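Please treat every number below as a calculation from the coordinates, not as lab data. Predicted model only: the values in this text are computed from it and were never measured. Cβ: placed from backbone, ideal geometry, glycine included. Neighbour counts: every protein chain shown.
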Ligand SMILES: Nc1ncnc2c1ncn2[C@@H]1O[C@H](COP(=O)(O)OP(=O)(O)OP(=O)(O)O)[C@@H](O)[C@H]1O
Ligand SMILES: [Mg+2]
């Protein structure tokens, strides 16, 4: 099943993400997909608010991963833009965050396609499509739960 919503502003995208985060259970891996500037990090900012995180969420492009303490469980926000393979991510020690038997918390990952094979079979995909300057189509679906 896929849930589709249209967002007409950055604030609306954050609000959608915040509401979604309030319903999320740990452990969970969520891949944020879409072009540069599509709204992935904006979604992460709203998502963090929904987990009770008041710290400012910034893009982890240079740090690869930022960790935040939520009120119930931690949030791990990855940006794989600068990585080029699953092996590279494993060498950086990231494997455990993508193992649902070990993960405690929620993982958001931007540019997961750069580390193909790292994500658990069961994960959520939130995809963003730019319609115009302020409009984004957001689609949420679960992968891997129907064989
Ligand atoms: N409806 C909308 N939802 C989200 N962002 C929007 C929307 N309308 C305009 N924007 C703008 O689009 C940009 C989205 O930037 P953001 O950093 O979230 O993208 P990103 O997908 O994380 O890009 P990158 O791949 O570079 O990390 C921001 O400048 C934001 O203000
Ligand atoms: Mg980003």
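General observations
- Relative contact order, percent, the chain [alpha-carbon distance under 8 Å, six or more residues apart]: 33
- Among 32, 118, 103, the ranking by other beta carbons within 10 Å of each residue's beta carbon, starting with the fewest, stands as 103, 118, 32.
- Between residue 102 and residue 69, the FRET efficiency estimated from the beta carbon spacing at R0 = 30 angstrom works out to 0.95.
- Tilt relative to the chain, helix 10-22 - C-alpha long axis, 0 to 90 degrees, to 10: 50
- The C-alpha atoms of the chain define a longest principal axis, and helix 40-50 lies at about 90 degrees to it.
- Using just its DSSP H runs of length 4 or more, each adding -39500 (n - 2.57), the chain gives a mean residue ellipticity at 222 nm of -6000 deg cm²/dmol after division by all residues.
- Length available on full extension from residue 81 to residue 121: 0.36 nm per residue minus the Cα-Cα distance, which gives 12.3 nm.
- In nm, spacing of pseudo-spin labels at residue 5 and residue 132 (7 Å Cα→C-beta vector): 2.2
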